[in-house]
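Enquirer: Got a structure here, written out as structure tokens. Questions coming.
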Amino acid sequence: MSKIIQFNKICKDFKVSLKKSGKNKFLNLFKREHKTISALKDVSFEVEEGDIVGYIGPNGAGKSTTIKIMSGILNPTSGECSIMGYTPWKDRKQYVKNIGVVFGQRSQLWWDVPIIDSFELLKDIYKIPTDEYNETLNELIETLNLKELLNRPLRQLSLGQKMKCELAGSLLHRPKILFLDEPTIGLDAVTKLSVREFVKTINKKWNTTIILTTHDMSDIDALTNKIILIGRGQILYKGSFSAIKEKYDHIKQIEVEFAKPYDKIELEGYEVLSHNHNFATLKNKEEINFHTKDFFNAISKKYDVVDFSVESISVDEILAKLYTELKL
Amino acid sequence: MTFKGELQYRAKAVSGVITQVFWGLMYIYLYTAFMGGKIIEGFSISQMISYVWIGQAFFVLRFADLPKNCAKEIENGNVCYKFVRPVNLYNQWFAEHFGYKLSSTIIRCIPLSIVAFLLPKGIRLTLATSFTSFALFVIALLLGALITSAISMISVFLTFKTLSAKGTLSIVNTVCGVLGGMYVPLIFMPQGVQNVLNYLPFRFIMDLPARIYIGNIPPLEALKFIAIAVAWLVALIIIGKILINKASKNTVIQGG
Amino acid sequence: MLYNKYVKMHTKSTMQYRSNVMMLSFSACLISIGELLSIFVLFKNFKSVGYWGFYETALMFGIITAVYSLTECFARGFDEFPSLIKNGDLDRLMVRPVNMVYQIFGSKIEFSKLLKACLGIVVMIIAIINLNIIWTFTKILVLVMTVICGCLVIWGVMLVGAGISVFTIENLEFINIFTNGAKEIAYFPINIYNKWLSRLFTFIIPVACFNYLPLSYIMGYGSLPSVVYALSPLFGALFLIPCLLLFLWALKRYQSSGT
């Protein structure tokens with residue numbers, strides 16, 4: 001496996017002009033004060049060919065900035081970046097032939113023209129040979145179930161259908177790398193699943209390297225084990241997602257059903273998250289390890305328990321925990 | 001609120017003043033070149049210069065416009081939600097529009113008139129001929145602004161019909177501009193045409209105030225024209241109210 | 001060819017809003033007719049200005065109208081460059097393996113300006129019929145060059161505006177002087193204005209190159225050697241070079257926002 005993306009100590013500063021609210025508004029027209037905000041600080045990472053990598057972090061962490069640098073739209077203040085041997089912002093025209101980009105809620109397709117026409121235009125833009133184009137298009141139509149959508153303009157499609165078409169559009173030229181900026185935002189559960197399934201299929205079939213940013217941790221859970229966690233412009237963690245999950249694996253959430261309603265539920269070593277008549281949700285405190293047997297003994301001593309179920313805490317909660325731990 | 005919002009665009013205003021000084025100078029040189037060939041009674045070159053500067057200073061008042069967001073709401077049909085509310089839409093739009101026109105005019109006219117007064121002699125804006133004519137000028141100008149607002153309200157109705165705000169406004173403004181002497185001063189037109197256009201509502205927007213200011217129309221005659229302007233204003237408001245009422249009924253019946 | 005596809009796409013998209021486009025075409029023409037009427041009124045009252053009478057000026061008006069409409073139709077992407085930046089479409093163009101200038105041409109075509117271009121040509125023809133010009137091959141060539149170079153000059157002005165907006169984001173109103181201002185100035189022979197205005201629009205922004213200079217050749221007016229008048233449109237074409245360079249320089253400095 002070769003390293004397809006190499007990021008070496010990339011920094012990016014933005015100059016922001018400050019609007020003073022002082023008296024001298026007129027003077028401010030000619031003189032402006034600037035403040036430098038550093039969006040990325042010494043960001044280094046590598047991605048191997050054929051990987052799916054989840055790029056996660058809270059809002060304003062620098063995710064979009066990184067994606068934009070990788071797609072050649074922004075040039076960094078300092079640092080080196082090599083993607084497939086290209087420096088994205090220097091060899092723009094050559095480089096972008098090899099990548100596909102789906103920008104969150106911005107479309108590359110035409111609003112009021114049938115989707116298939118937009119695809120035909122992309123064929124010319126990327127100079128895709130007709131045979132290859134037809135073959136790729138058929139494959140995409142099949143896997144994404146696009147047949148019905150192709151003759152309709154973008155404005156008539158639902159959010160999920162739009163995303164499917166966006167994905168197909170950015171894959172027509174069979175890019176080696178695909179950047180997905182929040183691909184599942186706003187989608188319903190079923191469409192989310194099918195989009196994820198598709199991303200996986202493409203990755204397997206064409207060995208496409210995929211970098212995706214997302215807020216939805218179930219995307220990461222379903223798609224990849226490799227994550228890069230970024231916060232305040234710095235990389236906080238890179239590696240396997242399961243390692244993080246394991247770290248919090250001893251924390252469980254327990255739903256308990258009691259034989260009769262209690263006024264108050266209290267149990268040493270546990271936190272009561274919710275309580276309603278004869279149901280309650282508890283969580284063990286972080287310093288103790290959860291054992292089913294110990295828990296059952298402890299609770300049945302105090303209360304009359306009918307049933308209970310144990311669940312690991314959700315990935316979203318894990319992330320929320322991480323963020324608070326790292327004070328983001 | 002509209003007034004305050006408008007004040008924040010000072011940077012744009014500076015750029016705007018530069019632009020308008022340019023336009024003013026352009027017309028002054030153009031008309032000077034033409035007027036070199038023929039003398040018009042009661043309209044000397046220096047009067048022409050002031051006439052052009054007044055036109056530039058109160059440039060914003062010339063144009064009919066739709067109330068804020070109105071164009072979008074009509075084009076996408078959301079305007080029907082406005083009809084459901086228990087306010088008089090005409091009055092609300094009219095007040096909003098008039099306030100907007102007034103505030104943006106004040107921002108523009110003060111710096112521009114200062115600049116125009118400070119220019120070298122041959123191209124400078126001169127003071128009004130008398131205090132009376134200045135007072136009448138201010139009254140006529142306010143009436144002009146009200147007439148523009150009334151025409152704007154009629155444009156709202158027309159936009160309901162055409163569903164294209166941009167197209168409608170440019171047609172309305174071209175008609176107003178040509179007939180109101182804003183493309184070419186009425187005084188340059190053939191006498192027969194002038195006799196008709198003098199009494200149509202469009203010339204009251206800019207031509208009348210400017211000509212009162214430069215003393216081309218003496219105070220007594222000015223009063224007569226101001227009375228006509230008031231009559232037109234009332235007529236245009238009544239027409240506008242009837243039309244908007246009609247449009248609102250149609251929209252509600254269609255169910256939006 | 002890729003550009004043909006762009007034209008096809010814009011046509012399809014425009015056809016979705018047929019009545020709106022017709023409305024815009026019609027209203028744009030109405031404005032032009034209003035302007036022509038004003039010119040007519042001025043000449044009716046004052047007969048002539050220098051050598052120039054109504055039909056000479058109408059010919060100039062026709063050329064300017066055609067030139068501006070054609071450029072506004074096909075180079076609309078440069079004209080509306082600030083909105084291309086604001087809505088993020090420029091980022092989209094940058095991730096495609098096609099020359100940026102080519103893509104910006106393709107990004108917008110404003111068909112509603114075409115009717116006005118036709119109107120300009122009609123006015124030109126009417127003026128020519130009424131002018132008794134003895135046509136020669138070079139005169140026709142100069143006229144064609146005038147229209148072509150006129151488009152290049154106006155495209156150049158748009159490029160400068162677009163280049164500046166890379167840094168200001170907002171479209172600054174004074175750019176209007178060089179676009180619409182230049183247009184209105186050029187309806188009349190530029191040498192009737194005072195010295196600094198006519199110099200500005202001859203040497204800095206060479207509007208005169210598709211205005212009274214080539215027409216002086218066609219009409220046989222003017223005191224300079226006729227070859228100067230005949231070749232004047234080419235000077236306008238030279239103007240494009242620095243404009244294009246400025247635009248490309250600015251584009252290189254374009255930085256997308258961080259979000």
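Enquirer: What Kirkwood hydrodynamic radius, in Å, does region A:77-236 give when the mean of 1/r is taken over all pairs of distinct Cα atoms and then inverted? Could you put the intermediate results ahead of the total?
Expert: Details: mean 1/r = 0.0600 Å⁻¹.
Result for region A:77-236 stands at 16.7 Å.
Enquirer: Here's another thing I want to ask about it. Quick one: A:PHE103, B:PHE131, fewest Cβ neighbours within 10 Å first, how do they rank? Each step should come with its number before you reach the end.
Expert: Values: A:PHE103 22, B:PHE131 9.
Fewest to most other Cβ atoms nearby, the residues stand as B:PHE131, A:PHE103.
Enquirer: Continuing with the same structure: Compute the distance in nm between two label points, each set 7 Å from the Cα along the Cα-to-Cβ direction, one at A:ASP304 and one at A:LYS260.
Expert: If labels sit at A:ASP304 and A:LYS260, their model points lie 0.5 nm apart.
Enquirer: Rank A:ASN134, A:ASN276, A:ASN225 by mean-square fluctuation in a GNM of chain A with C-alpha springs under 10 angstrom and give only the top-ranked residue.
Expert: So, out of A:ASN134, A:ASN276, A:ASN225, the one fluctuating most is A:ASN276.
Enquirer: With a Förster radius of 22 Å, plug the Cβ-Cβ distance of C:PHE26 and C:GLU184 into 1/(1 + (r/R0)^6) and report the FRET value to the nearest 0.05. Display every interim value, and only then the final one.
Expert: Working: r = 21 Å, r/R0 = 0.97.
Step by step, r from the Cβ atoms, then E = 0.55.
Enquirer: Using alpha carbons only, how many degrees (0 to 90, rounded to 10) separate the axis of helix C:54-74 from the longest principal axis of chain C?
Expert: Helix C:54-74 sits at roughly 10 degrees to that axis.
Enquirer: Taking the Cα centre of region A:77-204 as origin and charging only Cβ (+1 Lys, Arg; -1 Asp, Glu), how large is the dipole, in debye to the nearest 20? Each step should come with its number before you reach the end.
Expert: Details: 18 positive and 17 negative charges, 56 e Å.
About 260 debye.
Enquirer: Among the DSSP beta bridges whose two residues both lie in chain A, what percent are antiparallel, rounded to the nearest 5?
Expert: Values: 43 of 60 bridges.
Of the beta bridges lying entirely in chain A, close to 70 percent run antiparallel.
Enquirer: Just to confirm the number: angle between the C-alpha axis of helix B:10-35 and the first principal axis of chain B, 0 to 90 degrees, nearest 10?
Expert: Tilt of helix B:10-35: around 50 degrees.
Enquirer: How about B:LYS121: which lysines have a C-alpha closer than 26 Å to its C-alpha, ignoring those fewer than 8 places off in the same chain?
Expert: Partners within reach: B:LYS38, C:LYS195.
Enquirer: Could you check what % of the DSSP bridge pairs in the protein assembly as shown are antiparallel, to the nearest 5? Write out the running numbers ahead of the final one.
Expert: Numbers: 44 of 61 bridges.
If we restrict to bridges inside the protein assembly as shown, about 70 percent are antiparallel.
Enquirer: Could you tell me what % of all Cα pairs in region C:1-112 have separations over 20 Å?
Expert: On the way: 3480 of 6216 pairs.
Within region C:1-112, distances greater than 20 Å cover 56 percent of Cα pairs.
Enquirer: Find the Cα radius of gyration of chain A, compare it with 2.2 N^0.38 Å by division, and give the number to two decimals. Before the final figure, lay out each step's value.
Expert: Numbers: Rg = 24.9 Å, N = 328, 2.2 N^0.38 = 19.9 Å.
Working it through for chain A, the quotient is 1.25.
Enquirer: For chain B, place one equal point scatterer on every Cα, skip the solvent, and apply the Debye formula. What is log10 of I(q)/I(0) at q = 0.08, 0.09, 0.12 Å⁻¹?
Expert: Evaluating at q = 0.08, 0.09, 0.12 Å⁻¹ gives log10 I(q)/I(0) of -0.34, -0.43, -0.74.
Enquirer: Next up: FRET efficiency for A:ILE116 and A:LYS41, Cβ-Cβ distance as r, R0 = 41 Å, nearest 0.05? Spell out each step's value before the answer.
Expert: Working: r = 45 Å, r/R0 = 1.09.
FRET efficiency, A:ILE116 to A:LYS41: 0.35.
Enquirer: Could you give the dipole magnitude of chain C about its Cα centre, charging the beta-carbon of Lys and Arg +1 and that of Asp and Glu -1, in debye to the nearest 20?
Expert: I would put it at about 380 debye.
Enquirer: Can you give the extra length, in nm with one decimal, that the chain gains between A:GLU142 and A:ASP91 once fully stretched, where that is 0.36 nm per residue apart less the Cα-Cα distance?
Expert: On the way: separation 51, 0.36 × 51 = 18.36 nm, distance 3.42 nm.
The A:GLU142-A:ASP91 span can extend by a further 14.9 nm.
Enquirer: Can you tell which of A:ALA298, B:ASN88, B:SER46 lies farthest toward the positive end of the dipole of the protein assembly as shown, using +1 and -1 charges on the Cβ of basic and acidic side chains (Lys, Arg; Asp, Glu)?
Expert: Farthest towards the positive pole: B:SER46.
Enquirer: Using a cut-off of under 20 Å, list every residue of region A:58-90 whose amide N is near the label point 7 Å from the Cα of A:ASN207 along the Cα-to-beta-carbon line.
Expert: Counting backbone N atoms under 20 Å from the label point, the list is A:83-86.
Enquirer: If you take the Cα Rg of the protein assembly as shown and divide it by 2.2 N^0.38 Å, with N the number of residues, what do you get?
Expert: For the protein assembly as shown, the normalised Cα radius of gyration comes out at 1.19.
Enquirer: Run through region A:271-318 and list the GluC sites (Glu not before Pro) located in a DSSP loop whose Cβ has at most 16 other Cβ atoms within 10 Å.
Expert: Filter output for region A:271-318: A:GLU286, A:GLU287.
Enquirer: Further question: Only loop residues by DSSP count here, and only those with at most 16 other Cβ atoms within 10 Å; note down the trypsin sites (Lys or Arg not before Pro) in region B:19-79 that meet that. Intermediate values should be presented prior to the final figure.
Expert: On the way: sites: B:LYS38, B:ARG62, B:LYS68, B:LYS72; in loops: B:LYS38, B:LYS68.
Loop-located and lightly packed - B:LYS38, B:LYS68.
Enquirer: Based on alpha-carbon centroids, what's the gap between region B:23-94 and region C:1-67 in Å, whole number please?
Expert: With region B:23-94 and region C:1-67 each reduced to a Cα centre, they are spaced 21 Å.
Enquirer: Charges at C-beta only: +1 for Lys and Arg, -1 for Asp and Glu. How large is the resulting dipole of the protein assembly as shown about its Cα centre, in Debye rounded to 20? Don't jump to the answer; show the numbers that get you there.
Expert: Working: 88 positive and 63 negative charges, 514 e Å.
Here the size comes out at about 2460 debye.
Enquirer: For an R0 of 22 angstrom, estimate the FRET efficiency from the Cβ-Cβ distance between A:ALA222 and A:SER158 and round to the nearest 0.05.
Expert: Numbers: r = 21 Å, r/R0 = 0.97.
The calculated FRET efficiency here is 0.55.
Enquirer: Towards the positive end of the charge dipole of region B:2-254, with charges on Cβ (+1 Lys, Arg; -1 Asp, Glu), say which of B:ALA64, B:MET35, B:ALA116 has the farthest Cα.
Expert: Selected residue: B:ALA64.
Enquirer: Still on this structure, I have one more. Quick one: order B:LEU118, C:LEU246 by neighbouring beta-carbon count within 10 Å, fewest to most. Walk me through the intermediate numbers first.
Expert: Details: B:LEU118 9, C:LEU246 16.
The order, fewest Cβ neighbours first, is B:LEU118, C:LEU246.
Enquirer: Which angle between 0 and 90 degrees, to the nearest 10, do you get for helix A:189-206 versus the longest principal axis of chain A when only C-alpha atoms count?
Expert: The two axes meet at around 60 degrees.
Enquirer: Taking just the C-alpha trace of region A:172-328, give me its Rg and Dmax in Å.
Expert: Taking only Cα atoms of region A:172-328, I get Rg and Dmax of 20.3, 66 Å.
Enquirer: In the protein assembly as shown, if the dipole is taken from +1 on Lys/Arg beta carbons and -1 on Asp/Glu beta carbons about the Cα centre, which of C:ASN4, C:VAL147, A:TYR95 is farthest to the positive end?
Expert: Final value for the positive-end residue is C:VAL147.
Enquirer: Continuing with the same structure: Quick check: pseudo-label points 7 Å beyond the Cα along Cα→Cβ at A:CYS11 and A:ASP131, how many nm apart are they?
Expert: Inter-label distance under the simple model: 5.2 nm.
Enquirer: Counting pairs of Cα atoms in chain C, how many percent are more than 24 Å apart? Spell out each step's value before the answer.
Expert: Values: 16939 of 33411 pairs.
The answer is 51 percent, as a whole percent.
Enquirer: Moving to a separate point now. From Cα coordinates alone, what are the radius of gyration and Dmax values for region A:221-305 in angstrom?
Expert: 17.5, 52
Every number here is computed from the coordinates shown, using simple stated rules; none is lab data. Small disclaimer: the values here were computed from a predicted structure and weren't measured. When we count neighbours, we look across all protein chains shown, and the Cβ atoms used for this are built from the backbone with ideal geometry, even at glycine.
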